[in-house]
Amino acid sequence: MNGESVVFWITAIFAVVGALGMIVSRKAVHSALWVAFAMVNLAVLYFTLQAPFLATTQIVVYTGAVMMLFLFVLMIVGVDSSDSLIETLKGQRLLATFFGLAFGGLLLSAIASTVALRNNGLDVANGDYGGNIQGIAHLIFNRYLLAFEVTSALLITAALGAMVLAHRERWTPRKTQIELSRERTHTSQVTPLPNPGVLARHNAVDTPALLPDGSPSQASLPQQFRETAQNDDASKEVTS
Amino acid sequence: MNIYADAQGDLAIFGNDPIGVILLKVVGIFAIMVLMTLLTIWAERRVVGRMQMRIGPNRVGPFGLLQSLMDGIKLALKEEIIPKGVHIAVYCIAPVISATTAFLTFAVIPLGPEVSIFGHVTPLQLTDFPVSVLYVLAIASIGIYGIVLAGWASGSTYPLLGGLRSSAQMISYEIAMGLSFVAVFMYAQSMSTSQIVAGQEHLWYIVLLLPSFVIYTIAMVGETNRAPFDLPEAEGELVGGFHTEYSSLKFALFFLAEYVNMVTVSAMATTLFLGGWRAPYPISMWASANTGWWPMLWFFAKVFVFLFVFIWLRGTLPRMRYDQFMKFGWKVLIPVSLVWIMIVGAARQLKSDESVPTRTLLIVAAILLVIGVGISYIFELRAQKRADIEQAREELEASTEFDPFAGGFPVPPMPGQTPQASRRIPVTLASSPVTGEEQ
């Protein structure tokens, strides 16, 4: 039992636990956390498999950026939003089963081919260009350059698409800070509104603040407690 | 089973330590980080105190040095309040994630050259591998989880807003930070910290790559949530931000993480741009300045310079507005670093390529310069136009006559208006005929 297998048995179990936890969790945020946990464990496995570049990019890109954006969205959607139990996509279970099985088959065949076919081993692969990172760089920027560029174009298109979908046309030019402050100083109320109850007998939220001349200030009250024109009429009727 | 197998040259010295030396290094780094935290908190309070014409803590121990230790003990022994609405598991994990990831980064920082520990020759660095600078970025991105989860798990609005702000802020500034590393990688031709230090034997990268250094320095302040970029915990708007609902030891862990992160990013800046443990110029004339245990002294001196800048910034600058801060990150820092990387890459490629004659290079550079000047001229024209409109408006305002009692209250003049003499009637104790004579 050498160091590599010790690390493998710890992180492999953790990764599987993380994957199961993701499925079992009822809260979306907990699921996202389990996925992040599984990803970090996978990254440790990559380290022991002598793929340090893959390990760090796994953490930076997937754990750090992708899962973080998921969390971001979940947090914006709301802490207590409940899951919808109605399936809106027609036949998604069938399709999901089909594609899941197909993907599993693909993975199995890929793993089987590496086990069954003769391969040259890590030393030869790394030795060609003087190291693991240099080897990856050579593959990406020479042999798979077109695929790399196409993928990046796809990602940029997706980002642009998201921006177009979220874009809202401005009908009026945006006010600058100078304009805003100028507008503010041209109104009758430059300072913040007074708090309710200032200088009054009570500090309750519906007690208007008293102005220096002793008259109550309606502006100090929240909107729903203010005496609107209607209320004015009503109170006049009562008093008269 | 050797991760260092594919490394060239120098990295072969890592990974052969006996278990005792490794343990010693781990404990040593942990002790250094905790000590640095205590020292930094003390230094911060003293320096900010000086900047605000106060003395700062000076009672506990010599110069008040033990003040932060005492505060730490007090903080840990305080009552722990756990609010009702929290998601308890995540609430407890969040500060642990923050603190542990803060300590992890220092494993790849080179503190010195090879030294002899109990007769075993070993580099003063826990470990190093071909992508150790990327490892620092990776650990930093896990550290964000601590803050985000703390904000979410508190089950309260202000912490949630603080957590959201901080995740957006740290992700954006991590991009600028990563881009500022790229130029260093190109010059050092390696992503391992020890080889980057080795690459600065003759010239520090701060001289060669000043724009990268400036971008990194700005990004590192944003990344550690320190003033003027401490928007996730802006007390004026968010109470305490992500740690509003935390108390006692859990709060202490966040506090610790912030200061350890400060030390770590300062150490990274030293390693990448200031020659790491190499002695600064006048001292480097001394032959044995870069051997033995001395380099640790130079290293920590440089780190303390950065820490002082952190404190200085906090004592000087007001907090930025959030939208301006994000705009600065995405629309200034990232484009500038991309252009700078292009320039560095092109320059290095051309330098290594002998076939391109210098004359062609100069012509291309001249054309680019002309285009650049043209673009800046267009921008200048637009700015001029805007200034004209602004001036016209101010003139319009100035042309309206100044009324010092507009609306029945005394008011100051608008921009461009000239104030007139006061209309106040001189007050005298005597009766009116005397005043009349004086006027």
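The values are calculated or read from the model by the stated rules, or taken from the named source; none is laboratory data. All of these numbers come straight from a predicted model, not from anything done at the bench. Cβ sites come from the backbone with ideal geometry, for glycine too, and all protein chains shown count toward neighbours. The area values use the complete protein model at the heavy-atom level, side chains included, leaving out ligands, DNA and RNA. Shrake-Rupley method; radii C 1.70, N 1.55, O 1.52, S 1.80 Å.
Considering every residue within the stretch B:298-320, establish whether at least one is of a type outside the set (A, V, I, L, M), open to solvent by less than 70 Å² (accessible area, probe 1.4 Å), under 13 Å from the mean Cα position of the chain (by Cα) and more than 30 Å from B:Ala365 (Cβ to Cβ). Scanning the stretch B:298-320 turns up at least one residue that is of a type outside the set (A, V, I, L, M), open to solvent by less than 70 Å² (accessible area, probe 1.4 Å), under 13 Å from the mean Cα position of the chain (by Cα) and more than 30 Å from B:Ala365 (Cβ to Cβ).
Is the stretch A:193-210 home to any residue that is modelled with pLDDT under 85 and surrounded by fewer than 10 Cβ atoms within 10 Å (Cβ to Cβ)? Taking every residue of the stretch A:193-210 in turn, at least one turns out to be modelled with pLDDT under 85 and surrounded by fewer than 10 Cβ atoms within 10 Å (Cβ to Cβ). Free of Cβ contacts under 8 Å to residues at least 60 places away in the same chain and touching a Lys or Arg at 6+ places or on another chain (Cβ under 7 Å): does that describe A:Val150? It is false that A:Val150 is free of Cβ contacts under 8 Å to residues at least 60 places away in the same chain and touching a Lys or Arg at 6+ places or on another chain (Cβ under 7 Å). Do the conditions hold for B:Ser98, that is, is it buried (at least 16 other Cβ atoms within 10 Å of the Cβ), of a type in the set (Gly, Ala, Ser) and within 30 Å of B:Pro123 (Cβ to Cβ)? The answer is yes for B:Ser98. Among the residues making up the stretch B:205-241, those that are open to solvent by less than 50 Å² (accessible area, probe 1.4 Å), among the aliphatic types (A, V, I, L, M) and over 17 Å from B:Leu164 (Cβ atoms) are B:Ile206, B:Leu209, B:Ile215, B:Ile218, B:Ala219, B:Met220, B:Val221, B:Ala227.
Among residues belonging to the stretch B:326-370 that are polar (S, T, N, Q) and under 21 Å from B:Tyr187 (Cβ atoms), point out the one that is surrounded by the most Cβ atoms within 10 Å (Cβ to Cβ).
We begin by selecting, within the stretch B:326-370, every residue polar (S, T, N, Q); these are B:337, B:349, B:352, B:355, B:358, B:360.
From the residues that got through so far, the ones that are under 21 Å from B:Tyr187 (Cβ atoms) too are B:337, B:349, B:352.
Values: B:Ser337: 25, B:Gln349: 11, B:Ser352: 7.
Among those that are polar (S, T, N, Q) and under 21 Å from B:Tyr187 (Cβ atoms), it is B:Ser337.
If you go through the stretch A:130-145 and keep only what is within 10 Å of chain B (Cβ to nearest Cβ) and either assigned to a helix (DSSP H, G or I) or at negative phi (or both), you end up with A:Asn132, A:Ile133, A:Gln134, A:Gly135.
Conditions (1) at the interface with chain B (Cβ under 10 Å from one of its Cβ atoms); (2) surrounded by fewer than 16 Cβ atoms within 10 Å (Cβ to Cβ); (3) touching a residue at least 12 places away in the same chain (Cβ under 8 Å), marked per residue:
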residue: A:Ser25; (1), (2), (3): no, yes, no
residue: A:Ala38; (1), (2), (3): no, no, yes
residue: A:Gln58; (1), (2), (3): yes, no, yes
residue: A:Val61; (1), (2), (3): yes, yes, no
residue: A:Thr88; (1), (2), (3): no, yes, no
residue: A:Leu94; (1), (2), (3): no, yes, no
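Restricted to the stretch B:1-60, and to residues there that are within 14 Å of chain A (Cβ to nearest Cβ) and part of a helix (DSSP H, G or I), the residue that is modelled with the lowest pLDDT is B:Gly9.
Kindly provide the set of residues from the stretch B:19-35 that are open to solvent by less than 60 Å² (accessible area, probe 1.4 Å) and not charged (D, E, K, R), ordered by number. First the steps, then the outcome.
Start the filter on the stretch B:19-35 by keeping residues that are open to solvent by less than 60 Å² (accessible area, probe 1.4 Å), which leaves B:20-21, B:25, B:28-29, B:31-34.
Matches in the stretch B:19-35: B:Gly20, B:Val21, B:Gly28, B:Ile29, B:Ala31, B:Ile32, B:Met33, B:Val34.
Does B:Leu104 meet the test of being in a loop (DSSP other than H, G, I, E, B) and closer than 20 Å to A:Phe47 by Cβ? Spell out how you get there, then give the answer.
Details: in a loop (DSSP other than H, G, I, E, B): no; closer than 20 Å to A:Phe47 by Cβ: yes.
So B:Leu104 fails the test.
Screening B:Val115 with (1) among the β-branched types (Val, Ile, Thr); (2) within 19 Å of B:Phe251 (Cα to Cα); (3) assigned to a strand (DSSP E or B) gives one miss only, at (2). State whether the residues of the stretch A:10-21 include one that is away from chain B (no Cβ under 14 Å), of a type in the set (Phe, Trp, Tyr) and either surrounded by fewer than 17 Cβ atoms within 10 Å (Cβ to Cβ) or assigned to a helix (DSSP H, G or I) (or both). There is at least one residue in the stretch A:10-21 that is away from chain B (no Cβ under 14 Å), of a type in the set (Phe, Trp, Tyr) and either surrounded by fewer than 17 Cβ atoms within 10 Å (Cβ to Cβ) or assigned to a helix (DSSP H, G or I) (or both).
Restricting attention to the stretch B:183-219, the residues that are in contact with a Lys or Arg (Cβ under 9 Å, 6 or more places away or on another chain), away from chain A (no Cβ under 14 Å) and either outside any loop (DSSP other than H, G, I, E, B) or of a type outside the set (S, T, N, Q) (or both) add up to 4.
Could you tell me which of the residues B:Ser141, B:Ser180, B:Ser172 is within 9 Å of another protein chain (Cβ to nearest Cβ) and assigned to a helix (DSSP H, G or I)? Explain how you work it out, then say what you get.
Details: B:Ser180 fails: within 9 Å of another protein chain (Cβ to nearest Cβ); B:Ser172 fails: within 9 Å of another protein chain (Cβ to nearest Cβ).
Criteria check complete, one pass: B:Ser141.
Only a single criterion out of (1) at pLDDT 80 or above; (2) assigned to a helix (DSSP H, G or I) is not satisfied by B:Gly236, namely (1).
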